[in-house]
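Once you've had a glance at the structure underneath, I'll fire off some questions.
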Amino acid sequence: MIEKSFLNKIIKNPYLIAKLNFNQLILVFREAVKLFGEENLILELKSKNLQDKVIVIGDLHGDLLSLMRLVEIIRLENPKYVIFLGDIVDRGLYQLECFILVLALKIKDSNKYYLLKGNHETLEVNQNYGFYQAFLNRFKDPKKFNQVLAIYNALPYCVLLNESLLCLHGGIPEDFNAINRLRGIKTSEVNLIYENTAKSLLQIMWNDPKPNLKGFTESFRGREIKFFGEDVFTDFMRENKLDYLIRAHERFPEGYKWFFNERLLSIFSSANYRSMLTPIPASYAIIRNKTVMPKIIS
Ligand SMILES: [Mn+2]
């Protein structure tokens with residue numbers, strides 16, 4: 001069991017995470033794995049009260065300053081749910097701090113905070129974009145990274161809010177029935193169904209919307225990954241009875257971007273993704289009274 005006072009301490013001052021030893025981190029990892037393991041691959045959240053707020057947060061990529069600002073915004077707005085769309089690590093200066101802080105929030109209030117799997121919550125991508133090496137530099141033993149992988153393997157992929165708004169990291173899969181087929185399945189059962197749904201799960205993490213495109217087309221991001229146009233997006237939304245989609249995965253000079261007649265909102269919550277020298281505004285989304293509003297983190 002983790003002491004609440006320990007969680008509060010690192011939430012209040014995440015720079016302390018750099019001083020924690022691995023045994024203290026293991027407690028956080030284990031508790032988080034337990035919580036994520038009890039969740040469904042498609043989280044179905046309800047907020048009946050029209051005044052309820054939901055905050056959705058995009059890629060962080062080790063941008064601890066933006067995350068600490070968001071923690072303050074969450075304190076002020078007091079939302080019913082906070083949904084992280086994944087890509088917490090890789091590239092930034094404070095990757096482990098961001099990861100542990102998100103896990104600490106989850107453990108402290110597991111019915112309020114949710115973390116979805118992004119394409120950077122995988123070993124292969126961490127080995128190419130920095131987190132794996134940063135972790136090894138600090139903890140030396142590659143076996144210790146299994147604690148991180150156990151979290152990645154237990155993460156859900158989507159939030160379905162009030163059966164009308166879908167949150168995910170990348171985009172819609174080519175199989176329009178995938179969301180329905182994944183509903184009700186526990187994250188711990190992902191390996192049992194993986195054969196049939198591997199492609200859909202990959203596409204949920206990796207696909208991108210593209211204006212003025214028809215159908216699905218090849219993406220520079222890799223094999224089986226697609227761009228999707230407005231026609232297939234509209235069909236997907238109709239078949240799944242959805243009003244809105246909120247996703248992350250891409251940075252835009254203006255901080256966020258609406259697509260497809262303002263039914264798809266793309267947010268990105270890291271301000272210094274490629275370099276401290278070329279910051280972009282970091283964004284998040286707030287949902288209230290069935291309205292989706294993008295916000296810049298100032
Ligand atoms: Mn991504």
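Specify which of the listed residues (224, 254) is in contact with a Lys or Arg (Cβ under 7 Å, 6 or more places away or on another chain) and surrounded by fewer than 19 Cβ atoms within 10 Å (Cβ to Cβ).
224
Conditions: (1) part of a loop (DSSP other than H, G, I, E, B); (2) surrounded by fewer than 18 Cβ atoms within 10 Å (Cβ to Cβ). Residue 87 meets all but one. Number of the miss?
All conditions are met except number (2).
Right, something else. Could you list all residues from segment 239-253 that are part of a strand (DSSP E or B) and within 16 Å of the ligand (Cβ to nearest atom)?
Those that are part of a strand (DSSP E or B) and within 16 Å of the ligand (Cβ to nearest atom): 245, 246, 247.
Considering segment 118-144 alone, what residues qualify as being within 16 Å of the ligand (Cβ to nearest atom) and either without any contact (Cβ under 8 Å) to a residue 12 or more places away in the chain or touching a strand residue (DSSP E or B) at 6+ places or on another chain (Cβ under 8 Å) (or both)?
124, 127, 128
Still on this model: Among residues belonging to segment 103-115 that are of a type outside the set (Lys, Arg), in contact with a helix residue (DSSP H, G or I) (Cβ under 9 Å, 6 or more places away or on another chain) and over 19 Å from residue 146 (Cβ atoms), point out the one that is nearest to the ligand (Cβ to nearest atom).
We begin by selecting, within segment 103-115, every residue of a type outside the set (Lys, Arg); these are 103-105, 107, 109-111, 113-115.
Subset that is in contact with a helix residue (DSSP H, G or I) (Cβ under 9 Å, 6 or more places away or on another chain): 103-105, 107, 110, 113-115.
Then drop every residue that is not over 19 Å from residue 146 (Cβ atoms), which leaves 104-105, 107, 110, 113-114.
Details: 104: 22, 105: 20, 107: 24, 110: 24, 113: 20, 114: 17 Å.
Residue satisfying both the conditions and the ranking: 114.
Condition first: open to solvent by 10 Å² or more (accessible area, probe 1.4 Å) and either part of a loop (DSSP other than H, G, I, E, B) or within 16 Å of the ligand (Cβ to nearest atom) (or both). Now tell me which residues in segment 50-62 satisfy that.
Correct list: 50, 51, 52.
Under the condition of being buried (at least 22 other Cβ atoms within 10 Å of the Cβ) and over 14 Å from the mean Cα position of the chain (by Cα), which residue from segment 106-139 is farthest from residue 67 (Cα to Cα)?
126
Select from segment 204-231 the residues that are under 19 Å from residue 157 (Cβ atoms) and in contact with a Gly (Cβ under 7 Å, 6 or more places away or on another chain) and list them in ascending order.
Result: 204, 205, 206, 207, 208, 209, 228.
Let me ask something else. Checking residue 21 against (1) without any contact (Cβ under 8 Å) to a residue 12 or more places away in the chain; (2) within 22 Å of residue 289 (Cα to Cα), which single condition isn't satisfied?
Failing condition for residue 21: (2).
If a residue must be more than 14 Å from the ligand (Cβ to nearest atom), modelled with pLDDT of 95 or more and over 17 Å from residue 122 (Cβ atoms), how many such residues does segment 187-219 contain?
The number of residues fulfilling the criteria is 9.
What are the residues in segment 65-87 that are of a type outside the set (A, V, I, L, M, F, W, C) and within 16 Å of the ligand (Cβ to nearest atom), if any?
Of the residues in segment 65-87, the ones of a type outside the set (A, V, I, L, M, F, W, C) are 66, 69, 72, 75, 77-81, 86-87.
Residues satisfying the conditions are 66, 86, 87.
The values are calculated or read from the model by the stated rules, or taken from the named source; none is laboratory data. All values derive from a computational prediction rather than experimental measurement. Cβ coordinates were reconstructed from backbone atoms using ideal geometry, including for glycine residues, and neighbour counts include every protein chain displayed. Side chains are part of the model used for accessible areas, which takes the heavy atoms of the whole protein and leaves out ligands, DNA and RNA. Shrake-Rupley method; radii C 1.70, N 1.55, O 1.52, S 1.80 Å.
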